[in-house]
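Just so it is clear, none of the values below were taken in a lab; they were calculated from the coordinates. Since this is a predicted model, take the numbers as computed values, not measurements. Note: ideal-geometry Cβ built from the backbone for every residue, glycine included; neighbour counts use all protein chains shown.
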């Protein structure tokens, strides 16, 4: 993969994460003390969202809304990136954003790791969060980077970056605090995501 294409991929991914983190700043504690705790007493109504035309399926804990979010490329141009999201309550959100880049060669393992490192570091810097934990693994020939971060206000961000050939996907779950975060919900969200082969 050429360096310019790696940079485009990273900038698109970072732009999406930065936008989502800003949009959900109350979830992450950016909104100050007005953010309440996530009431976890009720069971979420999980639904399968079939986005086969976009290359994936996923389960979300409620009805999904769709939007286009602006991100900047390395040339300063603004591009629209699709995103679906579910707001469980005012303080808890699950979202998936994706970007399809121009066709590119299958990246070497080292290049993939570097791309994921840069995307993670950019996300942490732009959201002013500190890394709590992370892991990288392979699935069906593509790379996945999971990370959790927290900001000074106590907000928690769970992110999963997926680099599959020429496609970048980002799964995001935000919670107002670590105690409000439900590990089972985040794992279900992550595990439900599956790529759909394109004809």
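The packing ranking of peptides 90-96, 78-84, highest mean first, is 90-96, 78-84, where packing means the average number of other beta carbon atoms within 10 angstrom of each residue.
Highest-first packing order for the peptide set 166-177, 151-162, 128-139 is 166-177, 151-162, 128-139, based on the mean count of other beta carbon atoms within 10 Å.
Within 10 Å, count the other beta carbons around each residue, average over each peptide in 185-197, 53-65, and list them highest first. Please list the in-between numbers first.
Values: 185-197: 15.2, 53-65: 17.1.
So the order, starting with the most tightly packed, is 53-65, 185-197.
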